[in-house]
Amino acid sequence: VGAERMLGYAAADVMNKITPAEISDPEEVVARAKALSLEFGTTITPGFEALVFKASRGIEDIYELTYIRKDGSRFPAIVSVTALRDAEDAIIGYLLIGTDNTARNQVEEERKKLDQRLRDQHFYTRSLIESNIDALMTTDPRGIITDVNKQMESLTGCTRDELIGAPFKNYFTDADRAEAAIKRVLSEGTVSNYELTARARDGTLTLVSYNASTFHDRERVLQGVFAAARDMTELKLIEQALQQKNLELEAASRMKSEFLANMSHELRTPLNAIIGFSDLMLEGGGGGISAQQREFLDAVLRNGRHLLTLINSVLDLSKIEAGRMSLVLASTDLREAITGAVSDTASLRAAKRQECILRLESGSLMVVADGLRVRQVLFNLLSNASKFTPDGGEIVLTAVRTQAPLPLPAERTGDERRVTSQDVVWISVADSGIGIATEDMPKLFQEFSQVESSASRHAQGTGLGLALSKKFVEMHGGTIGAESVLTRGSTFWFILPVTGPMRRNSVGEAA
């Protein structure tokens, strides 16, 4: 019944009619006959004889064979053949037991595929470990090395076989510190940027950064430590070179600042005399000075003051770059600073018959700031506005107290960053001048940079006013910017925190 079900034949179809060879793969039967002929040194005819040859000689025989069902489909089978004998031990037939081997073959095929995947995964993992630029190793919880990569062999000058089974601490100049690193990672779970000095077999010393973490099995049982040691020699050389370079730059900056301070003093002394005497001659010359002489004196006085402003600006900029410019912070009334700056620039507007309109907050405009520097920023913005506003034009200065967002670092709830706000004063100076092209806007606050236009060619400037203004505002923890529409005017604005900068030292440290 089992054979009927497995082969698809009824017993009556095959009994006393065919041999098992006729329902077997003919090529396999031929191959079996050849193999047996070679094994036993005799000719064996392909067919039933090949299937029962060993059993006929009393040899246990089990082999694989492909059976062909009545419908032509095929399946692999494990065939066991036994000779049947009578009382006189004569062979009277054979018992063939065929077991469908399909499931087993499928399992075996899957096992082969799994084995190959495991070999591929092992090769991939090993390739990753070996291609790493760091010296990698694993140790057991006692600090005994269990595996290494080629970089670890290069670092120590020892082979993999020599390293595996040896204590991790033996390959570092400070064995106690190395052992402490293992204990620390076991207690904390991880260690980062732990400095050690590796010692190779030939005595070569290498400074390394040791980074490690523990690893566990599927049951979360501690298995050991996975560690990476990165050669820090080149990085240390670069750091030392950078430190030396920084020292040289600081020394050069100090020398530059001292030179500029001395030069500015030497230049300002005769320059003040030139300005002073030119002013006295203009005021006390009376009718003794001709119109042409007065024009020459005006040019001397105007250019002398311009040169003095340039010297002072260069000196201020040098101090800021050297980190030697400090703010003198105090409670400052911006109304007074604004009024003072407007007064300082009155002569510029008077010469061009310009009007300055003030729109100031009705409430308090008190801030913690360096009043002198704030007044200098206002002077620069008002001076520029006057230069580029046509005769008879208007300049509008606005100051209001408002609030601006202030993110608090390292304060999070879930994924949201907590944000608060701070009180600020927003000041703007709007002119009705020629405006600034969009492509020229990025140049505004650069040092020694002036936007080219037909009007700017006739307006004196150092190219430092806006750059200094930006630095002074940022020293206060504020922001400065500009908006402009070509031919319709420009608005320069800056924001100052009411409570002053977060830190109150030099520009290098100011918030």
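When Leu7, Leu51 are checked against the criterion of being touching a residue at least 12 places away in the same chain (Cβ under 8 Å), closer than 22 Å to Ala103 by Cβ and crowded, with 17+ Cβ neighbours inside 10 Å, a single residue qualifies: Leu7. Of all residue pairs spaced 6 or more apart or on separate chains, none has beta-carbon atoms under 8 Å together with a first member in region 238-253 that is under 18 Å from Leu207 (Cβ atoms) and a second member that is open to solvent by less than 90 Å² (accessible area, probe 1.4 Å) and of a type in the set (Phe, Trp, Tyr).
Considered as a group, the residues in region 374-391 that are part of a helix (DSSP H, G or I) and open to solvent by 40 Å² or more (accessible area, probe 1.4 Å) include one that is nearest to Val424 (Cα to Cα), and that residue is Arg375.
Against the numbered list (1) touching a Leu at 6+ places or on another chain (Cβ under 7 Å); (2) surrounded by 14 or more Cβ atoms within 10 Å (Cβ to Cβ), Thr173 comes up short only at (2).
The residue list Ser192, Ser187 contains one member that is closer than 17 Å to Met137 by Cβ, open to solvent by 30 Å² or more (accessible area, probe 1.4 Å) and of a type outside the set (D, E, K, R), which is Ser192. When each of Thr99, Thr138 is tested for being within 14 Å of Ala228 (Cα to Cα) and modelled with pLDDT of 85 or more, the lone residue that passes is Thr138.
Would you confirm, using the coordinates I've provided, whether Glu153 is assigned to a helix (DSSP H, G or I), open to solvent by less than 40 Å² (accessible area, probe 1.4 Å) and among the charged types (D, E, K, R)? Criteria met by Glu153.
One residue alone among Glu60, Glu28, Glu130, Glu108 is open to solvent by 80 Å² or more (accessible area, probe 1.4 Å) and of a type outside the set (S, T, N, Q), and that residue is Glu60. Residues in region 457-476 include at least one that is modelled with pLDDT of 85 or more and assigned to a loop (DSSP other than H, G, I, E, B).
Table: residues versus (1) part of a strand (DSSP E or B); (2) charged (D, E, K, R).
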{"residue": "Arg5", "(1), (2)": "no, yes"}
{"residue": "Tyr9", "(1), (2)": "no, no"}
{"residue": "Lys17", "(1), (2)": "no, yes"}
{"residue": "Glu22", "(1), (2)": "no, yes"}
{"residue": "Leu36", "(1), (2)": "no, no"}
{"residue": "Ala50", "(1), (2)": "no, no"}
{"residue": "Lys54", "(1), (2)": "no, yes"}
{"residue": "Leu65", "(1), (2)": "yes, no"}
{"residue": "Ile78", "(1), (2)": "yes, no"}
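For region 80-97, the set of residues classified as part of a loop (DSSP other than H, G, I, E, B) and either among the aliphatic types (A, V, I, L, M) or surrounded by 12 or more Cβ atoms within 10 Å (Cβ to Cβ) (or both) consists of Ala87, Ala90, listed by residue number. For the condition more than 23 Å from Leu84 (Cβ to Cβ), β-branched (Val, Ile, Thr), open to solvent by 40 Å² or more (accessible area, probe 1.4 Å) and more than 60 Å from the chain's Cα centre (by Cα), Val1 does not qualify.
For region 338-360, which positions are surrounded by 14 or more Cβ atoms within 10 Å (Cβ to Cβ) and in contact with a Gly (Cβ under 7 Å, 6 or more places away or on another chain)? Within region 338-360, Gln354 is the sole residue that qualifies. From the list Asp140, Asp100, the lone residue that is surrounded by 11 or more Cβ atoms within 10 Å (Cβ to Cβ) and within 36 Å of the chain's Cα centre (by Cα) is Asp140. Annotation note: of Ala399, Ala404, the sole residue that is under 45 Å from the mean Cα position of the chain (by Cα), outside any helix (DSSP H, G or I) and modelled with pLDDT of 90 or more is Ala399. Scanning region 284-336 for residues that are surrounded by 15 or more Cβ atoms within 10 Å (Cβ to Cβ), more than 30 Å from Glu250 (Cα to Cα) and modelled with pLDDT of 70 or more yields Ile289, Leu297, Val300, Leu301, Gly304, Thr332, Leu334, Arg335. Restricting attention to region 183-196, the residues that are touching a residue at least 24 places away in the same chain (Cβ under 8 Å), closer than 14 Å to Phe168 by Cβ and touching a strand residue (DSSP E or B) at 6+ places or on another chain (Cβ under 6 Å) add up to 2.
The values are calculated or read from the model by the stated rules, or taken from the named source; none is laboratory data. Please read all numbers here as calculations on a predicted model, not as lab measurements. Glycine also receives a Cβ, built like all others from the backbone with ideal geometry; neighbour counts cover every protein chain displayed. Accessible surface is based on the protein model in full, side chains and every heavy atom, while ligands, DNA and RNA are left aside. Shrake-Rupley method; radii C 1.70, N 1.55, O 1.52, S 1.80 Å.
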